Amino acid sequence: MEVFVLRMKAGRPELAGPCGPDPWYIEVAAEDDPVVVVSRLSRNLMGEPILVHSTSWRRARGAVVLSFVVVNSEDQAPHLAGIPISRVDLARSGALSAAQTIAAAQVLEHGLRHLAWLSREDPVVMAVLNEDWKQVLADYRPEPFRNLM
Amino acid sequence: MPPILRMVIGSEPAKQFVVRCECGWETRGTVDQIVPVLQEHAAESHNMKVTREQVIARAQPI
């Protein structure tokens, strides 16, 4: 699994996971529930997250990689340095062909668009995200969960 | 020379290694020091079980 840990800072979202600017990779056994594993490791390393949600999947690194966003509260895990998030174009596939390359920043861009979609469609997500998040996500074009290939 | 003193003089200091995780985390020390530390990091941060042999395979001498 590939996890992007997000935190709001002064009205701007930042990446603030245990692996700094890099995605956080977690292995999941066949018998494990991926959401449970991401939630447990997030809780153990950074405290209780606000939201854990899978946003896309793709085949990479010799496996099927599930991408997750974890949203932490603004004052959570202050020992982890935060890196501002920049907007990038998505990796778009053809009708019958995969994208040539998919950068981590593009997976995150899609993750934020997926979060934007949830923030307008999903009552649970609407309830847990604060106004700062809703304001930031208003700039992202909503997209549902998809295969990034 | 007494045998115990010969043994101390003849022993080499334990070799030092560095082992880096893909996430940027690293630890240094002897094999006996780095193996449990990396195994703990792999389990706590990446939900991975790593064998002693896998740690040694990734370790680089300093």
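Suppose we filter A:E48, A:E27 for residues that are more than 12 Å from chain B (Cβ to nearest Cβ), of a type in the set (D, E), more than 11 Å from the chain's Cα centre (by Cα) and part of a loop (DSSP other than H, G, I, E, B); which single one remains?
A:E48
Under 15 Å from the mean Cα position of the chain (by Cα), part of a loop (DSSP other than H, G, I, E, B) and hydroxyl-bearing (S, T, Y) - does that describe any residue in region A:113-125?
Checking region A:113-125: not a single residue is under 15 Å from the mean Cα position of the chain (by Cα), part of a loop (DSSP other than H, G, I, E, B) and hydroxyl-bearing (S, T, Y).
Is it the case that A:G82 is at pLDDT below 95 and at positive phi? Give the steps one after another, and end with the answer.
Working: at pLDDT below 95: yes; at positive phi: no.
Criteria not met by A:G82.
What tally of residues in region A:47-104 results from selecting those that are β-branched (V, I, T) and either surrounded by fewer than 18 Cβ atoms within 10 Å (Cβ to Cβ) or touching an Asp or Glu at 6+ places or on another chain (Cβ under 7 Å) (or both)?
To start, the set of residues in region A:47-104 that are β-branched (V, I, T) comprises A:50, A:52, A:55, A:64-65, A:69-71, A:83, A:85, A:88, A:101-102.
With either surrounded by fewer than 18 Cβ atoms within 10 Å (Cβ to Cβ) or touching an Asp or Glu at 6+ places or on another chain (Cβ under 7 Å) (or both) added as a condition, the list becomes A:64-65, A:83, A:85, A:88, A:101.
Count: 6.
I need the full set of residues from region A:70-106 which are basic (K, R) and under 22 Å from A:V52 (Cα atoms), in order please. So that I can check it myself, show each step before the final result.
Step one: list which residues in region A:70-106 are basic (K, R), which gives A:87, A:92.
If the condition is that a residue be basic (K, R) and under 22 Å from A:V52 (Cα atoms), then A:R87 is the only one that fits.
Taking region B:29-62 only, how many residues are assigned to a helix (DSSP H, G or I) and out of contact with any Leu (no Cβ under 6 Å at 6 or more places or on another chain)?
Looking only at region B:29-62, we keep the residues that are assigned to a helix (DSSP H, G or I), and these are B:31-46, B:52-58.
Applying the additional criterion that residues be out of contact with any Leu (no Cβ under 6 Å at 6 or more places or on another chain) yields B:31-46, B:52-54, B:56-58.
Going through region B:29-62 one residue at a time, the tally reaches 22.
The values are calculated or read from the model by the stated rules, or taken from the named source; none is laboratory data. Note that the structure is predicted; figures quoted are calculated from it, not measured. Note: ideal-geometry Cβ built from the backbone for every residue, glycine included; neighbour counts use all protein chains shown.
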